[in-house]
Number of protein chains: 2
Amino acid sequence: MHPLLRKEGFILDVDGVIGRGRKPIPPAVDAVKKLIEMGKIVVFVSNNSTRSRRIYLQRFKEYGLDVDESQMILATYVTAEYIKEKHGKSKIFTTGEDGLKEELVLAGHKVVDYDEAEVLVVGSNRGINFEIMTKALRMCLDKAKYYYATNPDKIFPSEDGPIPGTGMIVGSLYWMTGRLPDRVCGKPERVIMDLTLKKVGLSAEDVVVVGDQIDIDVKAGRVIGAKTLLVLSGVTTEQNLEEMVRKAGIKPDYILRDLSGLFNA
Amino acid sequence: MHPLLRKEGFILDVDGVIGRGRKPIPPAVDAVKKLIEMGKIVVFVSNNSTRSRRIYLQRFKEYGLDVDESQMILATYVTAEYIKEKHGKSKIFTTGEDGLKEELVLAGHKVVDYDEAEVLVVGSNRGINFEIMTKALRMCLDKAKYYYATNPDKIFPSEDGPIPGTGMIVGSLYWMTGRLPDRVCGKPERVIMDLTLKKVGLSAEDVVVVGDQIDIDVKAGRVIGAKTLLVLSGVTTEQNLEEMVRKAGIKPDYILRDLSGLFNA
């Protein structure tokens, strides 16, 4: 039996771990089903900043996985919860997409135009335009009392090549105004990992953090002091593994070709 | 007589000096006419990265000024000329608007999609979108042998408030890829100022550089060792003058409320 199967909780990344875009990774999906059958606590933690949990659950159904909202911890949701905890229900202008807006509203915030807002929330947006950037710029220059970003990803590895991540907007605003987010909520930052542990009711030694990116997922595990498992089914591959480890400067505790490796001892 | 009227050449900024957007500053326009009547060499040098010289001449006609293309030195034009001088006629992908594309084509370059291009040219674009940013990102990551930016402006002071300048894109690409332009062409960089002196056939001691921004126009004059005149009809005002001088860390040689001050001794 793989030693990680002694852990009680599995904190799993989504993209590159159990699917790639709309396509599932069937052996990994099967492994998740086995973990659930074994009675393990399984949660999915993703830096995705454009989708709500509702949208994600739909994708999981397409993967053939029946999980519920409480098992789904997205950067969009965490950002909304964190702002509520720190400042109460707030008036927020966001650069983000409908998925992020949906989570902000579900948490009780008001999503408003920049001239009424007190909080700026930056999330990625495939519909980004000059007007949104102008409003975010003006908020950074003076209007925003607080400024949060959903996640730190600079580049996202999409199916047809690299595309800009949330860092596209964060970096642009920093260059123009010198201002960085007060807090970034997604992996590898503490905000999302702390909320995840709280949600599952486990401590760091009882969980393993699984993902395909060393500088994001493995680092997120390290931040809370949990064991980490790197799978080579996404951004990190057998070919680039050595370079990725060198670049990130940290090593995962375990490495598997994909999640099904937990069950092929 | 104002001592600067002894100079032979006047290198004038446009926005905030002889007009504001579509509106002329009448006393400044009259002053330009007087300079021309006196036989002075007058050229207009602007960091505008979205308009071609043809578009600019149209605006000048609306201001009531009849100048010709040879008196018009724009960052768009300078960028096109500089690339031709350095690399010959090139295949270029640009983030910029039609005005920039027009100048690139006039210089003999081919404006192509990113997968055919060797050179990336970043200029501001009020129609910026995720697709353009994705293409620029991919060029920065590997495809672009050379990378130029029209101008370094981070924020542009528009009539209804601050809007992003070309720096919006430059900063974003830098944050995502660590790559900066091989060269920035507009003020206060040498590229545009050297070309301007060459065009007018004068040396730096025979000209005065006039503008409304200390860190751009006055600095551009300093770079070539010319005398500088700051006018308080644009970004710098009587109210913020002290702060602007402190921030920029340089002082203009002369300061006037607007350009007509040259003739009110």
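The values are calculated or read from the model by the stated rules, or taken from the named source; none is laboratory data. Predicted, not measured: the structure shown is a model, and the values here were computed from it. Cβ sites come from the backbone with ideal geometry, for glycine too, and all protein chains shown count toward neighbours. Note: areas computed on protein heavy atoms with side chains; ligands, DNA, RNA excluded. Shrake-Rupley method; radii C 1.70, N 1.55, O 1.52, S 1.80 Å.
Just to be sure before I move on: is A:PRO164 within 11 Å of chain B (Cβ to nearest Cβ) and open to solvent by less than 10 Å² (accessible area, probe 1.4 Å) in the structure I sent? First the steps, then the outcome.
Details: within 11 Å of chain B (Cβ to nearest Cβ): yes; open to solvent by less than 10 Å² (accessible area, probe 1.4 Å): yes.
Yes; evaluated as a whole, the condition is true for this residue.
Got a number for residues in the range A:61-106 being within 27 Å of A:LEU35 (Cβ to Cβ), open to solvent by 60 Å² or more (accessible area, probe 1.4 Å) and acidic (Asp, Glu)? Talk me through it step by step, then tell me what you get.
Here is the first cut: in the range A:61-106, the residues within 27 Å of A:LEU35 (Cβ to Cβ) are A:61-78, A:81, A:99, A:103.
Within this subset, residues satisfying the condition of being open to solvent by 60 Å² or more (accessible area, probe 1.4 Å) are A:61-62, A:66, A:68-70.
Pick out the ones that are also acidic (Asp, Glu) and you get A:62, A:66, A:68-69.
Final tally of qualifying residues: 4.
Could you tell me which of the residues A:GLU85, A:GLU103, A:GLU159 is touching a residue at least 40 places away in the same chain (Cβ under 8 Å) and away from chain B (no Cβ under 14 Å)?
Working: A:GLU85 fails: touching a residue at least 40 places away in the same chain (Cβ under 8 Å); A:GLU159 fails: away from chain B (no Cβ under 14 Å).
That would be A:GLU103, the only listed residue that is touching a residue at least 40 places away in the same chain (Cβ under 8 Å) and away from chain B (no Cβ under 14 Å).
Quick check on the range B:189-210. Is at least one of its residues away from chain A (no Cβ under 12 Å) and polar (S, T, N, Q)? Spell out the reasoning first.
Taking the range B:189-210 as the starting set, the residues that turn out to be away from chain A (no Cβ under 12 Å) are B:189-210.
Then drop every residue that is not polar (S, T, N, Q), which leaves B:196, B:203.
There is at least one residue in the range B:189-210 that is away from chain A (no Cβ under 12 Å) and polar (S, T, N, Q).
From A:GLU116, A:GLU97, A:GLU62, which residue is over 18 Å from A:THR166 (Cα atoms) and modelled with pLDDT of 95 or more? Walk me through it before giving the result.
Values: A:GLU97 fails: over 18 Å from A:THR166 (Cα atoms); A:GLU62 fails: modelled with pLDDT of 95 or more.
Among A:GLU116, A:GLU97, A:GLU62, only A:GLU116 is over 18 Å from A:THR166 (Cα atoms) and modelled with pLDDT of 95 or more.
One line per residue, one yes/no per condition, for (1) at pLDDT 95 or above; (2) hydrophobic (A, V, I, L, M, F, W, C):
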{"site": "B:ARG183", "(1), (2)": "yes, no"}
{"site": "B:GLY186", "(1), (2)": "yes, no"}
{"site": "B:MET193", "(1), (2)": "yes, yes"}
{"site": "B:LYS199", "(1), (2)": "no, no"}
{"site": "B:LEU202", "(1), (2)": "yes, yes"}
{"site": "B:VAL208", "(1), (2)": "yes, yes"}
{"site": "B:ASP217", "(1), (2)": "yes, no"}
{"site": "B:ALA220", "(1), (2)": "yes, yes"}
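Yes or no: A:LYS187 at negative phi, of a type outside the set (A, V, I, L, M, F, W, C) and surrounded by fewer than 19 Cβ atoms within 10 Å (Cβ to Cβ)?
Values: at negative phi: yes; of a type outside the set (A, V, I, L, M, F, W, C): yes; surrounded by fewer than 19 Cβ atoms within 10 Å (Cβ to Cβ): no.
Considered against the rule, which asks whether it is at negative phi, of a type outside the set (A, V, I, L, M, F, W, C) and surrounded by fewer than 19 Cβ atoms within 10 Å (Cβ to Cβ), A:LYS187 comes out as no.
So which of A:PRO162, A:PRO157 ends up being under 24 Å from B:THR134 (Cβ atoms), part of a strand (DSSP E or B), at pLDDT below 95 and touching a strand residue (DSSP E or B) at 6+ places or on another chain (Cβ under 7 Å)? Break it down into steps so the answer makes sense when it comes.
Numbers: A:PRO157 fails: touching a strand residue (DSSP E or B) at 6+ places or on another chain (Cβ under 7 Å).
Testing whether each residue is under 24 Å from B:THR134 (Cβ atoms), part of a strand (DSSP E or B), at pLDDT below 95 and touching a strand residue (DSSP E or B) at 6+ places or on another chain (Cβ under 7 Å) leaves just A:PRO162.
Just one of the numbered conditions (1) surrounded by 20 or more Cβ atoms within 10 Å (Cβ to Cβ); (2) among the aliphatic types (A, V, I, L, M); (3) within 15 Å of the chain's Cα centre (by Cα) is not true of B:LEU195; which one?
(1)
Is one or more of the residues making up the range B:101-112 in a strand (DSSP E or B) and at pLDDT 95 or above? It would help to see each step written out before you state the result.
Within the range B:101-112, the first condition is being in a strand (DSSP E or B), and the residues that meet it are B:110-111.
Within this subset, residues satisfying the condition of being at pLDDT 95 or above are B:110-111.
Checking the range B:101-112: at least one residue is in a strand (DSSP E or B) and at pLDDT 95 or above.
When the residues of the range A:116-139 are filtered to those that are open to solvent by 40 Å² or more (accessible area, probe 1.4 Å) and more than 10 Å from chain B (Cβ to nearest Cβ), which remaining residue is nearest to the chain's Cα centre (by Cα)? Explain how you work it out, then say what you get.
The first filter runs over the range A:116-139 and keeps only residues open to solvent by 40 Å² or more (accessible area, probe 1.4 Å), leaving A:116, A:118, A:126-127, A:129, A:131.
Filter once more, keeping what is more than 10 Å from chain B (Cβ to nearest Cβ): A:116, A:118.
Values: A:GLU116: 28, A:GLU118: 24 Å.
The residue in question is A:GLU118.
If you go through the range B:198-226 one residue at a time, how many are within 19 Å of B:GLY39 (Cβ to Cβ) and either part of a loop (DSSP other than H, G, I, E, B) or open to solvent by 10 Å² or more (accessible area, probe 1.4 Å) (or both)? Quick ask: steps written out before the conclusion?
Initial filter on the range B:198-226 (within 19 Å of B:GLY39 (Cβ to Cβ)): B:199-203, B:205-208, B:210.
Now restrict to residues that are either part of a loop (DSSP other than H, G, I, E, B) or open to solvent by 10 Å² or more (accessible area, probe 1.4 Å) (or both): B:199-203, B:205-206.
Adding up the residues that qualify gives 7.
Taking the range A:140-156 on its own, how many of its residues are more than 17 Å from the chain's Cα centre (by Cα), open to solvent by less than 20 Å² (accessible area, probe 1.4 Å) and either closer than 30 Å to A:GLY16 by Cβ or away from chain B (no Cβ under 11 Å) (or both)? Steps first, please.
As a first pass, look at the range A:140-156 and keep what is more than 17 Å from the chain's Cα centre (by Cα): A:140-147.
Still in the list and also open to solvent by less than 20 Å² (accessible area, probe 1.4 Å): A:140, A:144, A:147.
Narrowing the set further to residues that are either closer than 30 Å to A:GLY16 by Cβ or away from chain B (no Cβ under 11 Å) (or both) leaves A:144, A:147.
Residues flagged as more than 17 Å from the chain's Cα centre (by Cα), open to solvent by less than 20 Å² (accessible area, probe 1.4 Å) and either closer than 30 Å to A:GLY16 by Cβ or away from chain B (no Cβ under 11 Å) (or both) within the range A:140-156 amount to 2.
For the range A:167-184, which positions are more than 22 Å from A:LEU104 (Cβ to Cβ), at the interface with another protein chain (Cβ under 7 Å from one of its Cβ atoms) and surrounded by fewer than 24 Cβ atoms within 10 Å (Cβ to Cβ)?
Narrowing the range A:167-184 to residues more than 22 Å from A:LEU104 (Cβ to Cβ): A:171, A:174-178.
In the following step, the residues that additionally are at the interface with another protein chain (Cβ under 7 Å from one of its Cβ atoms) were identified as A:171, A:174-176.
A:GLY171, A:TYR174, A:TRP175 - these are the residues of the range A:167-184 that are more than 22 Å from A:LEU104 (Cβ to Cβ), at the interface with another protein chain (Cβ under 7 Å from one of its Cβ atoms) and surrounded by fewer than 24 Cβ atoms within 10 Å (Cβ to Cβ).
May I ask you to list the residues in the range B:168-195 that are among the β-branched types (Val, Ile, Thr) and in contact with a helix residue (DSSP H, G or I) (Cβ under 6 Å, 6 or more places away or on another chain)?
Across the range B:168-195, the qualifying residues are B:THR177, B:VAL191, B:ILE192.
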